[in-house]
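Asker: First the structure, then my questions, so here it is.
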């Protein structure tokens with residue numbers, strides 16, 4: 001599987017040499033992940049430091065066909081003894097995540113397929129499904145449906161997200177999304193989930209690109225909880241982000257034409273993978 005994704009990445013880069021329209025963004029995020037409502041007082045309120053280095057690379061192979069890759073390296077760091085934030089995140093851990101998305105992008109909508117891999121110390125998390133967006137001038141509506149599987153284990157789940165991005169100006173964007181993941185066959189996980197349990201998540205973000213520059217500043221909040229009767233707390237995350245874009249004149253052009261697939265804060269997906 002790793003060789004497959006490496007080959008896909010190399011193919012994307014090779015194809016970009018023949019493409020005229022290339023856009024992307026490289027950024028670093030930092031903040032904290034903390035838990036509330038846990039019966040374990042040592043865990044509730046404990047902060048896990050999060051540092052993320054991410055890059056998006058988008059190639060228009062033709063006027064209507066886009067190949068987009070998203071790569072993230074994320075460091076979770078906590079020294080809590082016996083913390084209940086989750087086995088994949090309760091100790092210092094560095095994760096690697098890669099997503100490959102390709103599909104049709106028009107003036108009013110985008111529709112594509114996505115495949116992804118997240119590597120954690122506890123194993124690999126694979127995902128695949130469909131993603132899309134509808135462009136309504138200053139508003140973009142985004143959604144996806146993904147199947148997730150913990151490689152080599154019995155855990156698998158299916159879920160989706162739905163979100164909206166609103167451009168107050170071409171370089172000022174407000175975004176919010178929500179999602180639900182249904183656990184089909186669980187193994188060990190942070191919430192002691194059973195088959196039929198669900199994970200809920202919500203997020204909000206504000207991004208501003210300085211006029212005439214490629215520099216963008218962003219602030220994001222994420223929330224994850226579950227309907228399991230065995231619930232052991234809720235997860236919250238706050239991240240600040242600094243990024244540099246290339247190939248686009250504005251943040252709106254980048255999000256609606258350059259890199260049209262996926263949510264703004266990819267690290268939320270990595271945290272969700274860790275819970276499974």
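Laboratory data are not the source of any read-out in this text; all were calculated from the coordinates shown. Just so it is clear, the model here is predicted, and its values are computed rather than measured. For neighbour counting, all protein chains shown are included, and Cβ atoms are generated from backbone atoms with ideal geometry for every residue, glycine included.
Asker: Run the simple label-point estimate for residue 36 and residue 227 please: 7 Å along Cα→C-beta, distance reported in nm.
Answerer: Once both label points are built, they end up 2.2 nm from each other.
Asker: If you don't mind, there's one more thing I want to ask. Which value in nm describes the separation of the simple spin-label points at residue 145 and residue 211, placed 7 Å from the Cα toward the beta carbon?
Answerer: It works out to 4.3 nm between the two label points.
Asker: Continuing with the same structure: Under the 0.36 nm per residue contour assumption, what length would be gained going from the current alpha-carbon distance of residue 96 and residue 109 to full extension?
Answerer: 1.7 nm
Asker: Quick one: 249, 211, fewest Cβ neighbours within 10 Å first, how do they rank?
Answerer: 211, 249
Asker: With a Förster radius of 41 Å, plug the Cβ-Cβ distance of residue 182 and residue 219 into 1/(1 + (r/R0)^6) and report the FRET value to the nearest 0.05.
Answerer: 0.85
Asker: Multiply the residue gap between residue 130 and residue 63 by 0.36 nm, knock off their C-alpha separation, and tell me the result in nm, one decimal place. Working shown, then result.
Answerer: Working: separation 67, 0.36 × 67 = 24.12 nm, distance 2.07 nm.
Additional length available on full extension: 22.1 nm.
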